[in-house]
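For reference, the structure discussed in these notes is given below.
The values are calculated or read from the model by the stated rules, or taken from the named source; none is laboratory data. What you are looking at is a predicted structure, and each value in this text was computed from that prediction instead of being measured. Note that each Cβ is placed from the backbone with ideal geometry, even for glycine, and that neighbours are counted across all protein chains shown. Side chains are part of the model used for accessible areas, which takes the heavy atoms of the whole protein and leaves out ligands, DNA and RNA. Shrake-Rupley method; radii C 1.70, N 1.55, O 1.52, S 1.80 Å.
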Amino acid sequence: VQLQASGGGLVQAGGSLRLSCVVSGNSFSDYGAGWYRQAPGKMREMVAIISRSNSTVYADSVKDRFTISRDNAKNTLYLQMNNLKPEDTAVYYCKTPVSGLSVYWGQGTLVTVSS
């Protein structure tokens, strides 16, 4: 299973970015998936997860600003990030499934938000 994340970059506070994660090698539609992030000197944390039935859960810090979605026909996971803040600066990783004995991570994409 391979996950290829993209879409990170440098953006000013208040701006928007959309991350994408293309999944290959499994039946993407059969599994939940999620976005996680790790800021310098901090532990990796959950940002948002989506079930195979499109139920979603968000970290409190990103509620009402970020939206996770999936396109099963394209085997792609998305994270729309609006009203970005400097504290959102981190490397963002996609993962599928959300839990289990075998989980797979993307390589990470860097998001930098300037004040």
request  = Select, from SER16, SER20, the only residue that is closer than 13 Å to ASP71 by Cα and of a type in the set (S, T, N, Q).
outcome  = SER20
key: Single residue of SER27, SER55, SER61 found to be modelled with pLDDT under 95, exposed (fewer than 15 other Cβ atoms within 10 Å of the Cβ) and out of contact with any strand residue (DSSP E or B) (no Cβ under 7 Å at 6 or more places or on another chain)   = SER27
task = Please determine, by comparing only the residues of the stretch 64-94 that are in a loop (DSSP other than H, G, I, E, B) and in contact with a Leu (Cβ under 8 Å, 6 or more places away or on another chain), which one is surrounded by the fewest Cβ atoms within 10 Å (Cβ to Cβ).
result = ARG65
query = Inside the stretch 49-65, can you point out the residues that are touching a residue at least 24 places away in the same chain (Cβ under 8 Å) and either more than 15 Å from TYR31 (Cβ to Cβ) or of a type in the set (Asp, Glu) (or both)?
reply = SER61, VAL62
ask   = Restricting the first residue to the stretch 99-113 and requiring it to be open to solvent by 20 Å² or more (accessible area, probe 1.4 Å), which pairs with a second residue that is of a type in the set (D, E, K, R) meet a Cβ separation below 6 Å and a spacing of at least six or different chains?
value = VAL103/LYS95; TRP105/LYS95
message = For a quick check of your reading of the model, give me the residue pairs whose first member lies in the stretch 31-44 and is on the phi > 0 side of the Ramachandran plot and open to solvent by 70 Å² or more (accessible area, probe 1.4 Å), whose second is β-branched (Val, Ile, Thr) and not in a strand (DSSP E or B), with beta-carbon atoms closer than 7 Å and at least 6 apart or on different chains.
response = none
query = What are the pairs, 6+ residues apart or on separate chains, where a residue within the stretch 74-88 that is closer than 14 Å to GLN12 by Cβ has its Cβ under 8 Å from a residue that is in a helix (DSSP H, G or I)?
reply = MET81/ASP88
